[in-house]
C-alpha cells in the first residue's frame with residue numbers, strides 16, 4: 001500500500017482548549033498516529049525542540065493564550081506567541097515540517113488581519129473527525145511548509161496580535 005510510513009507520523013497538536021485537543025487526538029490515535037499535545041506556544045516550542053523523535057506535522061490554533069509575565073521574547077527560547085509566529089519559529093529549526101492552521105474565526109477574517117498564510121492548510125473549528133483525518137492525510141502526502149516572509153524581529157512592534 002504506500003500508507004505505512006504516513007500512519008507512523010508524529011503529530012503535535014497545539015490548542016489552549018482541552019476539548020479540541022481531545023477531539024483531535026482520539027481519531028488520530030485511532031489511525032495509528034503518535035499524537036503529542038501542547039496547550040500553548042511555549043510548551044509546543046519546548047516539546048518540539050526536546051522530543052527525541054521527528055515531529056512530522058504541527059496542527060495549531062492561530063490564537064494561543066497571550067503571555068503572562070515573561071522575559072523578553074528575544075531572550076526566551078520558548079516564548080508565548082501566536083500560532084503563526086510559533087510556526088515561523090518551528091520552520092527556522094527544521095525545513096521538512098508540515099503545518100495545519102486552525103481557528104474558529106472564519107478564514108476571510110483571518111486573511112484580512114494577516115493571520116493566515118498562503119500555502120498553509122486551514123481547518124475551521126469546529127471540525128469533524130473525517131475532515132481532520134482527510135486534511136492530515138493530504139498534508140502529510142504534500143510538500144513541507146515553507147517559511148513566511150522575513151520578519152523585522154528586532155523592532156518588537158506589532159508583530160504579535162492577541163485576540164480574546
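For (1) outside any strand (DSSP E or B); (2) crowded, with 22+ Cβ neighbours inside 10 Å; (3) in contact with a helix residue (DSSP H, G or I) (Cβ under 7 Å, 6 or more places away or on another chain); (4) modelled with pLDDT of 90 or more, each residue gets a yes or a no:
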| position | (1), (2), (3), (4) |
| --- | --- |
| 43 | yes, no, no, yes |
| 53 | yes, no, no, yes |
| 64 | yes, yes, yes, no |
| 68 | yes, no, no, no |
| 73 | yes, no, no, no |
| 81 | yes, yes, yes, no |
If you take the residues in the stretch 83-100 that are modelled with pLDDT of 80 or more and surrounded by fewer than 15 Cβ atoms within 10 Å (Cβ to Cβ), which one is farthest from residue 145 (Cα to Cα)? 92
I'm told residue 108 meets every condition in (1) modelled with pLDDT under 85; (2) assigned to a loop (DSSP other than H, G, I, E, B); (3) on the phi < 0 side of the Ramachandran plot except one. Can you identify the failing condition by its number? (2)
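Would you mention how many residues in the stretch 21-34 are touching a strand residue (DSSP E or B) at 6+ places or on another chain (Cβ under 7 Å) and either modelled with pLDDT under 95 or within 13 Å of residue 133 (Cα to Cα) (or both)?
5
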Would the stretch 20-31 turn up any residue that is surrounded by fewer than 20 Cβ atoms within 10 Å (Cβ to Cβ) and touching a helix residue (DSSP H, G or I) at 6+ places or on another chain (Cβ under 7 Å)? yes
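Name the single residue that is surrounded by the fewest Cβ atoms within 10 Å (Cβ to Cβ) among those in the stretch 101-119 being within 13 Å of the chain's Cα centre (by Cα) and over 21 Å from residue 43 (Cβ atoms).
This residue is 116.
The values are calculated or read from the model by the stated rules, or taken from the named source; none is laboratory data. Just so it is clear, the model here is predicted, and its values are computed rather than measured. No Cβ is skipped: glycine too gets one built from the backbone with ideal geometry, and neighbour counts run over all protein chains shown.
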